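Data first, discussion second: the structure below is written as structure tokens.
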Amino acid sequence: MNLLRAVLWKDLVTEWRQRDRVVAMAVFALLVVVILYMAAPPGIGAESQQHVPGLLWVAFTFASILGLNRSFALELENDALAALSMASGDRGFIFLGKAIANFVLLFGVQAFTTGAFGMAFGIDFWPILHQFAAVAALGALGLSAVGTLFSAMAVRTSYREVMLPLLMLPLMVPVLLGAVRATEGLLLDGVIPGSALQLLVVTNAVFGIISYLGFEAVLDE
Amino acid sequence: MNVPSAPGRRLTAGLFYTVLAAWAFAVWSAPIDSVQGVIQKILYVHPPLAFGAYLGFFCTALFGGLYLWKGDDRWDRWSLSSAEVGVLLCTLMLLTGPIWAKGTWGKWWSWDTRLTITLLQYLVYLAYLLLRGFTEGSERTARFGAVYAIAGVVLIPLNYFAIEMAAGRAIHPENLGDGSLGAGMGMPFLLGIVVVLSAFAYLVVRRYEVACLRDEAARREVEATGSEGAWAT
Amino acid sequence: MGYMIAAYVISVGSVAAYASYLALERARLRKQLDETGSDPSSS
């Protein structure tokens, strides 16, 4: 438990001091929005509502990959990964600390990106803010859990930055489908469809357990 | 050290060639479908390939799990071999499917539920092979591969649920074999499944042998040069 | 007819090609091991 707190605290404090990862993620998310707008103009206001959920989650996903790539790269540079894996105590706590730190960063970036989206496409997120925050958090949870596991793997391969999206994206399909459908329901009808919520919860639970258990085998002895 | 001969090479080879001959004859003499014509004979190769591909993915995860549990290199070699043969069979399924679809529905591809799931699963196992190729150190490669293979196989039911919910579209017939096959078509179809499964066993066993030989060659290279970082299989 | 034949040729051909690749690779590795190894494989 202390290990969890230590890892989480270290990651968040490092991030707070440097702020490079969060800023890079947010700028990248904005860039994705702009590029997507140029490539496929979704319109403004009501007409954009059908396309915005998909665009929003594409931006979240790409931004999360950018941030996750740095999650373990920093440890490798400082040679802290070896120390981490030798740390006494349950390695599951290292995973949880890392995953929660990634989740916090991603959630912050999501809040920023959503605000920018709302302004850019004339969509009012205020009335559905709480529900949307819940959907965003559930999606971010799935992305961070699987992403933390795979970034610990990708950082040990020869093409780190290339490997993470290749590993992560095909597995993220159920999370993304659930999140996009839930966002769609919220924007169009003001309610989260039950099946989408169910899918998000089930997927998060399954991937959370897999990532937690798998992390044990991913850190070197 | 002796290079171990994979168990059952003669057996799987014999089985494969025998069933292959029976299958070829059965497909040749199978009746021609009254609606679709001769193109319907793709039935005797396309769905059986799907069985083989999914068996390959399942075995990759199963052997990966056994490797994590027991820590024996042999399980990792079986896991890698299943993945490679599974990817081969899946490639062939994804090639024969569109050929059939083009001939009967007039288009190569449709985002049908099973098609989408299979394509995603195919991408997962391509990523698995890439991951193994890019990871240094055979022990680490084995661990990473096993974890990824297990995550990949868990994806199948989740995807099924997700895609049914989000974009459920089915053009594949349900409950194949429940009397939906015409007279005289059951036998070649069944033989098709047996031939693909025996081809799977045969190829996996041969691939396993190559994996053993590669590991042995890498081991000797390390011994000779004393250098680290040998990674094979 | 053409479609059906194409499907069978691709499938059977690919499996045969892969099997021959494995056979060649096996023979090559055996030869290499026999030449370099102090303790050649017996089976």
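Bear in mind that the values in this text are calculations on the coordinates, not laboratory data. Here the structure is a predicted model, which is why all the values come from computation and not from measurement. Quick reminder, even Gly has a Cβ in these numbers, built from the backbone with ideal geometry, and neighbours come from all protein chains shown.
Things to note:
- Taking chain B and dividing mean pair separation by its residue count, relative contact order in percent (alpha carbons under 8 Å, at least six apart): 35 percent
- Phi-derived couplings, Karplus 6.51 cos²θ - 1.76 cosθ + 1.60 at θ = phi - 60°, listed residue by residue for the range B:140-152: 5, 3, 5, 5, 4, x, 4, 4, 5, 5, 5, 4, x Hz, with x used for Gly and Pro.
- Cβ-derived FRET efficiency at R0 51 Å, B:Phe25 paired with A:Trp126, nearest 0.05: 0.10
- An oblate overall shape is assigned to the protein assembly as shown, the ratio a/c of its alpha-carbon gyration tensor axes (a ≥ b ≥ c) being 1.5 or greater and a/b not exceeding b/c.
- Karplus 3J(HN,Hα) series, Hz, for the range A:189-204 with 6.51 cos²θ - 1.76 cosθ + 1.60 (x for Gly, Pro): 10, x, 10, 7, x, x, 5, 5, 5, 4, 4, 4, 5, 4, 4, 4
- Here's the picture: charge each Lys and Arg Cβ at +1 and each Asp and Glu Cβ at -1 in chain B, and of B:Phe144, B:Val194, B:Phe57 the one pushed furthest to the positive end of that dipole is B:Val194.
- Counting charges near A:Glu15 (Lys, Arg +1; Asp, Glu -1) among other residues having Cβ under 14 Å from its Cβ returns a value of +3.
- Paramagnetic reach from B:Lys107 in the range C:1-28 [backbone N under 11 Å; point 7 Å along Cα→Cβ]: none
- Three-way shape label, the range A:2-218, alpha-carbon gyration tensor, a/c 1.5: prolate
- Anchor B:Lys107: lysines whose Cα lies under 30 Å away (excluding residues fewer than 8 positions away in-chain): B:Lys41
- Peptides A:146-152, A:204-210, ordered by how many other C-beta atoms sit within 10 Å of their residues on average, highest first, read A:146-152, A:204-210.
- Shielding of peptide B:79-91 by partners, expressed as the average count of other chain Cβ atoms within 10 Å per residue Cβ, is 1.
- Test item: A:152-163 mean partner chain Cβ contacts at 10 Å: 4
- Remark: A:Phe60, B:Phe144 ranked as A:Phe60, B:Phe144, counting other beta-carbon atoms within 10 Å and listing the fewest first.
- Within the shell defined by Cβ-Cβ distances under 13 Å, the residues around B:Tyr67 carry a net charge of +2, with Lys and Arg each +1 and Asp and Glu each -1.
- Put in line by how crowded their Cβ is, counting other Cβ atoms within 10 Å and starting with the fewest, A:Ser144, B:Ser34, B:Ser138, C:Ser14 read B:Ser34, C:Ser14, B:Ser138, A:Ser144.
- Given 12 as the ceiling on other Cβ atoms within 10 Å, longest exposed-site-free region of chain B for GluC sites (Glu not before Pro) in DSSP loops: B:1-173
- Here the protein assembly as shown is assigned +1 on the Cβ of each Lys and Arg and -1 on the Cβ of each Asp and Glu. Its dipole about the Cα centre then comes out at about 580 debye.
- Taking other C-beta atoms within 10 Å as the exposure proxy, C:Tyr18, B:Tyr160, B:Tyr44 rank B:Tyr160, C:Tyr18, B:Tyr44 from fewest upward.
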